[in-house]
Amino acid sequence: MTCRTLTRFGRDRRGIAIVEFALILPLLITLSAVTFDLVRYVIYMRKIELAASTLADLVARNDTGKITQTDILAISRSQLVMFPEAMQAARDANVSVWSLLKWSLSGIQFTPTVASCTANCTYAPKVTWTSGQKRSCSTPPVAAPNTAGPSPTTLPSDTFGPGFLVVADVVFSYKPLILQSVVGTIDIAKSFYFAPRYVTTITFDSSGGITSANACP
């Protein structure tokens with residue numbers, strides 16, 4: 001190859017576009033994969049939020065002041081209406097949907113820390129009944145900043161006050177379709193809190209003898 005040929009080759013720009021495309025193609029593929037899984041994550045997060053909200057709202061609509069295990073199980077199935085993708089994810093993984101979609105419903109009663117208090121009181125929460133994955137009966141939830149993530153051992157500080165609270169906790173084990181080998185499984189957790197709409201408190205009726213939900217001592 002002569003010097004003239006080398007010079008002409010160095011000035012030839014006809015293949016630059018192909019070379020540049022080959023260089024950026026892996027980056028484009030990576031960005032597309034990240035975008036796909038990120039959008040899917042956001043959609044799932046919103047649906048899990050809706051599922052938790054629906055659980056708490058349905059219990060809060062109780063107008064008898066009592067809830068049974070049958071009621072709770074029926075209400076828990078509403079998650080699959082709000083978030084049907086959980087069933088497909090379970091089929092793909094060949095597991096029970098409830099191993100991916102974990103939930104709990106609980107009743108929390110607040111009482112003044114000083115029994116004689118009538119104004120500007122502080123309140124202590126107590127779990128009066130719980131079901132599903134269950135909040136602890138023996139350990140009262142503690143106050144957490146309102147911006148803190150959901151936890152079965154805490155409640156947002158703004159929820160502390162007189163009265164009764166229905167709490168729904170939902171956690172979904174999200175597996176990215178493309179980036180699972182990179183980020184693994186991500187737990188998406190959402191909790192919602194509602195006061196009863198028609199009664200002052202909601203107690204658990206254990207007369208059915210089923211123990212997957214229980215009244216706390």
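All of the numbers you see were taken from the coordinates with simple rules; none came from a lab. Because the structure is a prediction, the values reported are computed rather than measured. Please note: Cβ atoms are built from the backbone with ideal geometry, for glycine as well, and neighbour counts cover all protein chains shown.
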- Note on the structure: Out of (1) free of Cβ contacts under 8 Å to residues at least 12 places away in the same chain; (2) touching a Leu at 6+ places or on another chain (Cβ under 9 Å), the one Ala148 does not meet is (2)
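Identify, please: which residue in segment 167-192 is hydroxyl-bearing (Ser, Thr, Tyr) and crowded, with 19+ Cβ neighbours inside 10 Å and is, among those, nearest to Lys66 (Cα to Cα)?
Once the filter is applied, the top-ranked residue is Ser191.
Considering each of Val127, Val114 in turn, give the residue that is in contact with a Cys (Cβ under 8 Å, 6 or more places away or on another chain) and more than 21 Å from Ala52 (Cα to Cα).
Numbers: Val127 fails: more than 21 Å from Ala52 (Cα to Cα).
One residue alone meets the criteria, Val114.
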- From Phe172, Phe160, Phe194, grab the single residue that is closer than 16 Å to Ala60 by Cα and of a type outside the set (Val, Ile, Thr). Phe194
- Ala22 versus (1) within 18 Å of Lys175 (Cβ to Cβ); (2) out of contact with any strand residue (DSSP E or B) (no Cβ under 6 Å at 6 or more places or on another chain); (3) not charged (D, E, K, R): which is the lone unmet condition? (1)
- Message: Given (1) within 14 Å of the chain's Cα centre (by Cα); (2) on the phi > 0 side of the Ramachandran plot, identify the lone condition not met by Asn94.
- Response: (1)
- Query: So, of the residues in segment 67-98 that are touching a residue at least 24 places away in the same chain (Cβ under 8 Å) and among the small types (Gly, Ala, Ser), which turns out to be farthest from Pro140 (Cα to Cα)?
  - Reply: Ala93
- Go through (1) in contact (Cβ under 8 Å) with a residue 60 or more places away in the chain; (2) in contact with a Gly (Cβ under 7 Å, 6 or more places away or on another chain) and name the single condition Phe110 misses. (1)
